[in-house]
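Some notes on the structure that comes next.
The values are calculated or read from the model by the stated rules, or taken from the named source; none is laboratory data. Worth saying up front: this structure is predicted, and the values here are computed from it rather than measured. No Cβ is skipped: glycine too gets one built from the backbone with ideal geometry, and neighbour counts run over all protein chains shown. All accessible areas refer to the heavy atoms of the entire protein, side chains included, with ligands and DNA or RNA removed. Shrake-Rupley method; radii C 1.70, N 1.55, O 1.52, S 1.80 Å.
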Amino acid sequence: DNCSFDNGDYGLRFDDSDKFVVSNGYMLNNDVDGIIFSTDSDKHQFINNSIMNAARYGVQIQGSSNNWNNFSGNNFTGNGDSDNEYAVLINNNNNNNNKFFNNYFSDKSDDVYHVYDDNAGNYFNVTSYTARNIIGGPTIGGNYWSGYTGSDFDGDGIGDICDDDFDG
């Protein structure tokens, strides 16, 4: 709680670990990734953190068997320096049930996508419920995506159409 992991190659690196809670922390200005999961790291909770200005990825979930990790209330800003870099990269079909909701995504440029996920088994929303969200709205359900160009047909403050800031 309230720790800073900055100006290194990685802010946090997880290998063969389970059930850590990281809250109110700072992963800032890292040369590679803000957070990286290599193998067998499950059931971690990331709550109200700032994951900012990583040169490559804010969060990278690679390797295999990194499952059931939850990210909520986090600020992903300025991650990725160029094309094919992302705020979040999930790069293996064996990484499942990772959940990202009520997070704030804002990247450096139009050349950087917010998310790449090559597996359909991860989630970027939850069933909507009434509570103050990360940008002060009345509903929690998805994430805030800067530059979102989709539509909110039912007026609940949550976009109803995925746009091109999600890749994979």
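Residues in segment 46-64: is at least one among the hydroxyl-bearing types (Ser, Thr, Tyr) and over 11 Å from the mean Cα position of the chain (by Cα)? There is at least one residue in segment 46-64 that is among the hydroxyl-bearing types (Ser, Thr, Tyr) and over 11 Å from the mean Cα position of the chain (by Cα).
So which of Leu89, Leu12 ends up being modelled with pLDDT of 95 or more, assigned to a strand (DSSP E or B) and not charged (D, E, K, R)?
Result: Leu12 is the single residue among Leu89, Leu12 that is modelled with pLDDT of 95 or more, assigned to a strand (DSSP E or B) and not charged (D, E, K, R).
Taking every residue in segment 38-59 that is over 16 Å from Val115 (Cβ atoms) and pairing it with any residue that is of a type in the set (A, V, I, L, M, F, W, C) and not in a strand (DSSP E or B), at least 6 positions away or on another chain, the pairs with Cβ-Cβ distances below 9 Å are Ser41/Phe20; Asp42/Trp68; Lys43/Phe20; Lys43/Trp68; His44/Phe20; His44/Trp68; Gln45/Phe20; Ala55/Val32.
In segment 127-157, the qualifying residues are those that are in a loop (DSSP other than H, G, I, E, B) and aromatic (Phe, Trp, Tyr), and the one that is farthest from Asn75 (Cα to Cα) is Phe153.
Annotation note: Cβ proximity below 6 Å between a residue of segment 4-26 that is farther than 22 Å from Asp40 by Cα and open to solvent by less than 80 Å² (accessible area, probe 1.4 Å) and a residue that is part of a loop (DSSP other than H, G, I, E, B) and not acidic (Asp, Glu) (sequence gap 6+ or interchain) occurs for Asp6/Asn29; Gly8/Asn30; Asn24/Asn2; Asn24/Asn48; Gly25/Cys3; Gly25/Asn49. Does segment 41-69 hold any residues that are aromatic (Phe, Trp, Tyr) and open to solvent by less than 10 Å² (accessible area, probe 1.4 Å), and which are they? Within segment 41-69, just Phe46 meets the criteria. Hey, does segment 148-155 have a residue that's surrounded by 11 or more Cβ atoms within 10 Å (Cβ to Cβ) and modelled with pLDDT under 75? Within segment 148-155, not a single residue is surrounded by 11 or more Cβ atoms within 10 Å (Cβ to Cβ) and modelled with pLDDT under 75. Scanning segment 1-24 for residues that are among the acidic types (Asp, Glu) and in contact with a strand residue (DSSP E or B) (Cβ under 6 Å, 6 or more places away or on another chain), we see that the one that is nearest to Gln60 (Cα to Cα) is Asp15.
Check whether at least one residue in segment 81-88 is open to solvent by less than 30 Å² (accessible area, probe 1.4 Å), closer than 21 Å to Asp1 by Cβ and within 15 Å of the chain's Cα centre (by Cα), and report yes or no. Checked segment 81-88: no residue is open to solvent by less than 30 Å² (accessible area, probe 1.4 Å), closer than 21 Å to Asp1 by Cβ and within 15 Å of the chain's Cα centre (by Cα). Scanning segment 30-40 for residues that are over 16 Å from Asn91 (Cβ atoms) and open to solvent by less than 10 Å² (accessible area, probe 1.4 Å) yields a single hit, Asn30. Selection within segment 92-115: residues that are at pLDDT 85 or above and in a strand (DSSP E or B). The member of this set that is surrounded by the fewest Cβ atoms within 10 Å (Cβ to Cβ) is Lys99.
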